[in-house]
Amino acid sequence: MIAALAFYVFAAILIASAVMVVTARNPVHSVLYLILAFFNAAALFLIAGAEFLAMILVIVYVGAVAVLFLFVVMMLDIDFVQMKEGFQRYLPIGAIVGGMLFLELLFVYGAWQFADDAQGLRMHPNPADVATNTQAIGRILYTDYIFLFQASGLILLVAMIGAIVLTLREKPANSRRQNIAVQVARAHAVTMKDVPKRAGLAELGGIIRRPLPAAKKPKAVAHDDQHGGGHH
Amino acid sequence: MDAFLNSSIGILAITIAQTLAILVPLLIFVAYMTYAERKIMAAMQMRVGPNVVGPFGLLQPFADAAKMLMKETIIPSGANRALFIFAPMLTFILAMMAWAVIPVNEGWAIADINVGILYLFAISSLGVYGIIIAGWASNSKYAFLGALRSAAQMVSYEVSMGFVIVTVLLCVGSLNLTQIVMAQKTVWFFIPLFPMFIIFFISTLAETNRPPFDLAEGESELVAGFMVEYSAMTYALFFLGEYANMFLMSAMTTTLFLGGWLAPIDMAPFNWVPGPLWFILKVCLCMFTFVWVRATFPRYRYDQLMRLGWKVFLPISLVWLVLTAFVLKLAGWLPV
């Protein structure tokens, strides 16, 4: 009785917040409603007895993915007037796509055949010899579906490497960088050195400035001095 | 009486009583932690600390609370009102919520759930929302910069924290917090997993935005970071939430590595002391370390903070995780 009531409360909030994700005027509010939707989905998992899935949903989606999503959306500079432009023009095509997806779902559900023991499995999703559903999921995931599991992991790895490759830029040759291991390993914390101009302290591992390419060197120095100011 | 206790109203009443039994002492501890922090830091810096209100300044927390209550809550005109007020509430509520699963003694958890450690991890990973929402809703540059820093920082350190937790879980074979503590009957996990213990402790400092990782506040460059626009009770909620989060992280450290409510040696003078007292003692030890670190270290530079999280902690915890799995498998210690 209480479980059924809780189900309807969470399901209603889930659907309402899903609607708000699409209709909210402010994109940050949309993301926050999305997070609320995730939460209610997690609560529905809990009611279904899938506590591991519920917690993973909160940790992965709410705790990590949505944080980064919110992070990006907050930094976007969105013009609401411009965003609403063309709403009327694109409404029919949007409605057609949405309607077709809805019809497909209806067909799939209409042609759904329930296996004979499906109802029984739904009541007791865990195998009889397993105590918690964490163990049950682990047992299936790492035996029957190990190939799919590893393959999806590899796909994520490729996506990650792709993102890094796209954003990684080679640092200019004369950029400063710090070798923290060398700095920490230094025997004397304080030393005095007569440092040649623009050469840096490579042997101390401090802030190293690599020598500039030979051809550019005089020009770059003159340029720096003009703008750096205060030397002459 | 039994009939009443087994009815749904009775169960509700028991749950409320249990919740109060955890939260009221927690809030008193939080109040006195602010006092203890000021006293300990004062001792470390050869000052006196609060000593005017009450004997030894012991009533200082209540004076501070009264002051916070009396002040005016100022909401900036450009702020998003609803979210501006929601953010400190969220921080405070999350810090309280997580205590539902912490076992203070054998069977003394409000909810002794199967996935307790995941619940704790989930709640602690939500703490970042209070800060991001506060930073955004304040409509201020400093607050927003603080929020962005904090978001990147907390997400980074959660990764290595997750691996540390997985390593502990490998040794336990269960996600239940009570069983995690019971698995430490022979040896507390901070001895075999010492490097992970250190990584976990430093990550908790970063998770709670405590010095030397308090870049989200950074009073020297961001004035007060994400809470620059907050005043009176809204500020007090952030303050209480931060300290309650520190207690939560200390409780997590205690449960995962310091043997929860277990006595150091299961022998006569030690096991006379009741379990909850051991638990409180260990949590207070962790809290003391929090303050000690604050009084000792300067703030990290932001790029070094990121480097530490991704280039130092993540590889070490990954390698240690695989190593632990190998050792457990080869020695046949893998729990069933």
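The values are calculated or read from the model by the stated rules, or taken from the named source; none is laboratory data. Because the structure is predicted, anything quoted here is derived from the model rather than measured. Cβ coordinates were reconstructed from backbone atoms using ideal geometry, including for glycine residues, and neighbour counts include every protein chain displayed.
Observations on the structure shown:
- Entry remark, region A:66-100: residues being loosely packed, with under 14 Cβ neighbours inside 10 Å and part of a helix (DSSP H, G or I) number 22 in total.
- One residue alone among A:Phe10, A:Phe52 is surrounded by 15 or more Cβ atoms within 10 Å (Cβ to Cβ), closer than 30 Å to B:Val159 by Cβ and within 13 Å of another protein chain (Cβ to nearest Cβ), and that residue is A:Phe52.
- Looking at region B:249-333, the helices (runs of 4 or more DSSP H) lying wholly inside it that each contain 3 or more residues that are in contact with a helix residue (DSSP H, G or I) (Cβ under 9 Å, 6 or more places away or on another chain) and within 21 Å of B:Met96 (Cα to Cα) sit at B:275-296.
- Qualifying residue in region A:105-120 (condition: touching a strand residue (DSSP E or B) at 6+ places or on another chain (Cβ under 9 Å) and either under 20 Å from A:Leu46 (Cα atoms) or more than 14 Å from every other protein chain (Cβ to nearest Cβ) (or both)): no
- Out of B:Val164, B:Val187, B:Val168, one residue alone is surrounded by fewer than 20 Cβ atoms within 10 Å (Cβ to Cβ) and among the hydrophobic types (A, V, I, L, M, F, W, C). It is B:Val187.
- Residue in region A:32-42 that is in a helix (DSSP H, G or I) and either hydroxyl-bearing (Ser, Thr, Tyr) or over 30 Å from B:Ala152 (Cβ atoms) (or both) present: yes
- Consider region B:105-122 and keep the residues that are within 8 Å of chain A (Cβ to nearest Cβ) and either of a type outside the set (A, V, I, L, M) or outside any loop (DSSP other than H, G, I, E, B) (or both). The one that is nearest to the chain's Cα centre (by Cα) is B:Phe121.
- Residue-level check: of (1) loosely packed, with under 13 Cβ neighbours inside 10 Å; (2) part of a helix (DSSP H, G or I); (3) not aliphatic (A, V, I, L, M), B:Pro88 misses just (1).
- Filter result (among the small types (Gly, Ala, Ser) and facing another protein chain (nearest Cβ under 7 Å)) within region A:55-71: A:Gly63, A:Ala64
- Qualifying residue in region B:183-191 (condition: of a type in the set (S, T, N, Q), in a loop (DSSP other than H, G, I, E, B) and under 18 Å from B:Ile123 (Cβ atoms)): no
- Taking residues in region B:127-150 that are more than 8 Å from chain A (Cβ to nearest Cβ) and surrounded by 24 or more Cβ atoms within 10 Å (Cβ to Cβ), and partners anywhere that are of a type in the set (S, T, N, Q) and part of a helix (DSSP H, G or I), the pairs with Cβ atoms closer than 8 Å and at least 6 places apart or on different chains are B:Gly127/B:Thr91; B:Gly127/B:Asn245; B:Gly130/B:Thr91; B:Ile131/B:Thr91; B:Ile131/B:Ser150; B:Ala134/B:Thr91; B:Gly135/B:Ser150.
- Qualifying residues in region B:94-104 (those that are touching a residue at least 60 places away in the same chain (Cβ under 8 Å) and in a helix (DSSP H, G or I)) - the one surrounded by the most Cβ atoms within 10 Å (Cβ to Cβ): B:Ala95
- Selection within region B:218-267: residues that are under 20 Å from B:Leu126 (Cα atoms) and modelled with pLDDT under 85. The member of this set that is surrounded by the fewest Cβ atoms within 10 Å (Cβ to Cβ) is B:Gly225.
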